[in-house]
Amino acid sequence: WVVPGDLRITAPDAPPLITLAAARSLDYLLHPDLPVLIPDAGFYEATNAAGKLGAQEIIAWYRAHPNAVHVEPTEAFQDATALATMRGGRMAKDLRERAAVEVVRTYPLSEHERALLLSDDRDAERLVVIDPGKLILLTTWDYLRQLEAARRIQSADAVIEAVRRAGPNPPPR
């Protein structure tokens, strides 16, 4: 796998973070040698409960890579947090996706540069429609397969099996 020359950032959603944390494989996000920008809504969802699967691993990994991994603040998350606090309710279901789109749209990408968005949610496909020139959407499974094909990792199947052993449902193919 050769990272396209126009690819500038990787933006993982919460499910890929949790999946890779469960497999103790978060460093695989660093293999394309691109900045990893985690939308604040996704980071919050993945780490807001200390006992949640992968939460501690994600926080430790984030802290261990301050030059490569950044949690990006978004207006979408700030607004949703304020509304949830005022109304005592839950956050919108599509908040992570809206925050991811905001991160990609506000990152200084030139006209010809794109972002890699990792998401295992079926709803994420609509994000590519919003801005097809800026986004490359991959599931965690597809991403791992790409790394394996490029000989950056030994086995995508081994990662998925580690996820199964940890308990969560592995991402779809």
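Rounded, prolate or oblate, given the Cα gyration tensor of segment 1-60, with a/c below 1.5 counting as rounded? List each step's numbers first, then the result.
Numbers: a/c = 3.03, a/b = 1.85, b/c = 1.64.
Taking the square roots of the gyration eigenvalues as a ≥ b ≥ c, segment 1-60 is prolate.
Gain in length, HIS65 to THR81, computed as 0.36 nm per residue apart minus the alpha-carbon separation, to one decimal in nm? 3.1 nm is the gain from fully extending HIS65 to THR81.
Across the chain, the mean sequence separation of Cα contacts (distance under 8 Å, 6 or more residues apart), normalised by length, yields a relative contact order of 29 percent.
The length gained by stretching the chain between GLU113 and ALA158 to full extension, at 0.36 nm per residue less their Cα-Cα distance, is 13.0 nm. Taking the Cα centre of segment 64-127 as origin and assigning +1 to Lys and Arg Cβ atoms and -1 to Asp and Glu Cβ atoms, the resulting dipole is close to 260 debye. Among GLY89, GLY54, GLY133, the largest mean-square fluctuation in a Gaussian network model of the chain (Cα springs under 10 Å) belongs to GLY89.
Once you have a ≥ b ≥ c as the square roots of the Cα gyration tensor eigenvalues for the chain, tell me rounded if a/c is under 1.5, and otherwise prolate or oblate according to whether a/b is larger than b/c. Don't skip to the end; give the middle numbers.
Values: a/c = 1.65, a/b = 1.15, b/c = 1.44.
Judged from the Cα gyration tensor, the chain comes out oblate (a/c at least 1.5, b/c at or above a/b).
Within the listed set ALA14, ALA80, ALA99, the Gaussian network model of the chain (springs between alpha-carbon atoms below 10 Å) gives the highest mean-square fluctuation for ALA80. Non-local amide H neighbours of LEU7 (under 5 Å, H modeled in plane, Pro and chain starts lacking H): which ones? Those qualifying (amide H under 5 Å, at least 5 residues apart or on another chain) are ARG114.
If I take every Cα pair under 8 Å that is 6 or more residues apart in segment 32-88, average their sequence separation and divide by the length, what percent do I get for the relative contact order?
On the way: 41 pairs, mean separation 24.7, N = 57.
Worked out over segment 32-88, it gives 43 percent.
Dividing the summed -39500 (n - 2.57) terms of all DSSP H runs of n ≥ 4 by the residue count of the chain sets its mean residue ellipticity at 222 nm at -13500 deg cm²/dmol. Let me make sure I get this right: for segment 8-109, a, b and c are the square roots of the gyration tensor eigenvalues over alpha carbons, sorted descending. Under 1.5 in a/c it's rounded, otherwise prolate if a/b > b/c, else oblate. Which is it? Oblate.
None of the figures in this text is laboratory data; all of them are computed from the coordinates on show. Here the structure is a predicted model, which means the values were calculated and not measured. When we count neighbours, we look across all protein chains shown, and the Cβ atoms used for this are built from the backbone with ideal geometry, even at glycine.
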